[in-house]
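J.: If you scroll down you'll find the structure; I have some questions about it.
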Amino acid sequence: MKLSVPQEAAEGERRVALVPEMAKKLSASGVEIVLEPGAGEQSHVPDAAFEEAGASIAAGEGLSGDVVAKVAPPSADEISKLRKGAVLIGFLAPLTDGDTAQALAKAGVTSFAMEAIPRITRAQSMDALSSQATVAGYRAGLLCAQELGRFLPMLTTAAGTIRPAKVLVLGAGVAGLQAIATSRRLGAVVHAFDVRTAVEEQIQSLGAKFVKLDIGLEDAEEAGGYARALTDEEQQRQREALADVIADMDGVISTAAVPGRQAPLLIIEDAVERMKPGSVIVDLAAETGGNCELTEPGETVVAHDVKIVGPINLPASMPDHASQLYAKNIQSLVELMIDEEGGLALDFDDEIIAGACITRDGEIVHDGARKAAGLEEKASGTAEEKASGTAEGQDEKSGSADGQNEDAETAPDRAERGAERGSGG
Ligand code: NAD
C-alpha cells in the first residue's frame, strides 16, 4: 500500500501529517511512503530526513497514495486530485463542514476524520483531538503570560514585592488542563471552572483552585464524559456568576466547548468591563464562535482596556511538536488499516474504523456529517454521540483517562506508551 503526504495548502497551516520517526515505523510495517517535496519544511523536517527514514520524495505525488494523510480539511482543488477509491485521513470537521463531506463522497473517496475517532481506551494513541488540544492549551497559557504587562509569579526583589497574577481557566478538558498546568508552571495563582464536577479533582491535582458557582447547577456531564449544552436560563445564571469571579482575575483562558455546537458564551461585556485595566483574555473557542462576547476570531482586540486574544489554529503555531504528536496518531490509525504485509485492509467491523469513517462508496456514512450536509441520519444514535465516540457500546471510554488527571506535562509520554499498545507493537 502506498501512503502519500502532501504539503499542507491551507493558509497558516504549518503542520505535516507524518514525521520521519513514524515514517520509519510504517515503512517497517511494509507501507510505501511518498511525500511532496517540502512537506515537512514548516515543521522543520527536511526532505532528506524523510528519505533517511525510508520514504521517497516526489513532486506532484502528495495526493497520489492509496491512503493520503493530511492535517487540515482538503480544499476542493485537493479533493479533485484524489483518485476514486483512495482513502483520505485528516481533520475533516465532519459535524460542521457538510460541503467537504459531500465533495469527498462525490469523488468516491473513503474518508476518515480524526475528530470522529471514538475516544475509547484502545484509540488513545490515535486521539488527535487530545494531542492537538494539548498543544493549544500550552500555547494559550504562554499567550496569556506574554500579553499581560505583569509578572505571573510572585517576586520578592530589592525593588519591592510583586504579587502573583491570578489566572482563571474556563473549561477543564484536555486544552484547559494543559493551560492550567502551563500557567501554574509560570507561577500564576490559577482558578478553574467547568460544568463537569468530575474535573474538580483533576484541577486540584494540578495545583489550581476549583471555582464553585452557587447557581444550582447539577453536574452537566453526559454519558461518555462530555458536557451537555446548558439551557438558556442555566447559561444566563452561569454568565452572571462568572462575571463576579472574572472581575478579580488578571488573565482568563477560556476553552469551553460542546462537540458539534457553537461554543457556549461565558464572558459577557459586563464581565470584561469589570476586569482591571490591562487584563488579558485568551479565547481558545474563537474558531467556534468564542466564549467571550467581544472575541474576534484571528484578532486581538482591546475593549475596556482589556486585551482579548482570539487565536485560530494554535497547534499550527507550534508545528514541530504538534506534527510529531499528530504523526503518532496517524501512524497508529494506519497500523490498524493494514495487514501483515502492509496491504490496505479496512475492517468496518472495527468500531474505530467504522466510527471514524465519514464517506464510503460514494455516500456520507457518518450520521453527524450527514446532518451537517442536510441529509437524514442513516443509523441510530445522535450526531454528537457518533462524532464524539460516545455512542452505545463505547462504555470503554476512560473519561479522565491518561493525561487528564495528573500533571499534563507527562501526557505526551503516556500518549507514546499508549501508541505502542494501540498499534499492537
Ligand atoms: P471539549 O473540547 O469538548 O470541551 C472543553 C471543556 O469545556 C470540557 O471540559 C467541557 O466540560 C467544558 N465545558 C462545556 N461547556 C461548558 C460551560 N458552559 N462552562 C464551562 N465549561 C464548559 O472537551 P475535551 O477536552 O475534548 O474532553 C472532553 C471529555 O473527554 C473529558 O471528559 C475528557 O476527560 C474526555 N477525554 C477522554 C479521552 C479518552 O478516554 N481517550 C481522551 C480525551 C478526552
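The values are calculated or read from the model by the stated rules, or taken from the named source; none is laboratory data. For clarity, every value in this text was computed on a predicted model and none was experimentally measured. Neighbour counts run over all protein chains shown; Cβ positions are idealised from the backbone, glycine included.
J.: Cβ-Cβ below 7 Å, separation at least six or inter-chain, first residue in the stretch 24-36 and acidic (Asp, Glu), second surrounded by 22 or more Cβ atoms within 10 Å (Cβ to Cβ) and part of a loop (DSSP other than H, G, I, E, B): which pairs?
T.: Glu36/Pro6; Glu36/Gly62
J.: Here's something else I'd like to know. What number of residues in the stretch 200-221 are more than 26 Å from the chain's Cα centre (by Cα) and within 12 Å of the ligand (Cβ to nearest atom)? Break it down stepwise before answering.
T.: Here is the first cut: in the stretch 200-221, the ones more than 26 Å from the chain's Cα centre (by Cα) are 212-218.
Add one more test, that the residue is within 12 Å of the ligand (Cβ to nearest atom), and what stays is 213, 215, 217.
Total satisfying the criteria: 3.
J.: Considering only residues that are farther than 18 Å from Leu265 by Cα and among the acidic types (Asp, Glu), look in the stretch 222-252 and name the one that is farthest from the ligand (Cβ to nearest atom).
T.: Top of the filtered list is Asp250.
J.: Given Val211, Val280, Val190, which one is within 20 Å of Gly137 (Cβ to Cβ), in contact with a Ser or Thr (Cβ under 8 Å, 6 or more places away or on another chain) and at pLDDT 95 or above? Show your work before the answer.
T.: Numbers: Val211 fails: in contact with a Ser or Thr (Cβ under 8 Å, 6 or more places away or on another chain); Val280 fails: in contact with a Ser or Thr (Cβ under 8 Å, 6 or more places away or on another chain).
Within the list Val211, Val280, Val190, the selection yields Val190.
J.: Let me ask another. Of the residues Ser125, Ser80, Ser131, Ser111, which single one is surrounded by fewer than 21 Cβ atoms within 10 Å (Cβ to Cβ) and modelled with pLDDT of 95 or more? Walk me through it before giving the result.
T.: Details: Ser125 fails: surrounded by fewer than 21 Cβ atoms within 10 Å (Cβ to Cβ); Ser131 fails: surrounded by fewer than 21 Cβ atoms within 10 Å (Cβ to Cβ); Ser111 fails: surrounded by fewer than 21 Cβ atoms within 10 Å (Cβ to Cβ).
Criteria check complete, one pass: Ser80.
J.: Contact list please: Cβ distance under 6 Å, first residue in the stretch 355-373 and without any contact (Cβ under 8 Å) to a residue 40 or more places away in the chain, second residue assigned to a helix (DSSP H, G or I), pairs at least six apart or on different chains.
T.: From the stretch 355-373, the pairs are Asp367/Ala383; Asp367/Lys386.
J.: Among the residues of the stretch 257-302 satisfying the criterion of being surrounded by fewer than 17 Cβ atoms within 10 Å (Cβ to Cβ) and part of a strand (DSSP E or B), which is nearest to the chain's Cα centre (by Cα)?
T.: Thr300
J.: Can I ask one more? Only residues in the stretch 191-219 that are within 20 Å of Gln235 (Cα to Cα) count as the first member; pair them with residues that are away from the ligand (no atom under 13 Å from the Cβ) and charged (D, E, K, R), Cβ under 7 angstrom, at least 6 apart or cross-chain, and list the lot.
T.: Partner pairs satisfying both residue conditions: His191/Lys166; His191/Lys209.
J.: Which one of the conditions (1) surrounded by fewer than 22 Cβ atoms within 10 Å (Cβ to Cβ); (2) closer than 16 Å to Gly12 by Cα does Glu340 fail to meet, given that it meets all the rest?
T.: Among (1) surrounded by fewer than 22 Cβ atoms within 10 Å (Cβ to Cβ); (2) closer than 16 Å to Gly12 by Cα, the lone unmet condition for Glu340 is (2).
J.: If you don't mind, there's one more thing I want to ask. Quick one: Gly141 ticks every box in (1) surrounded by fewer than 24 Cβ atoms within 10 Å (Cβ to Cβ); (2) within 16 Å of the ligand (Cβ to nearest atom) bar one, so which box is it?
T.: (1)
J.: List the strands (runs of 3 or more DSSP E) that sit entirely inside the stretch 152-199 and contain at least 3 residues that are within 16 Å of the ligand (Cβ to nearest atom). Write out each step before concluding.
T.: Values: elements: 155-157, 160-162, 166-170, 189-193.
Hits in the stretch 152-199: 166-170, 189-193.
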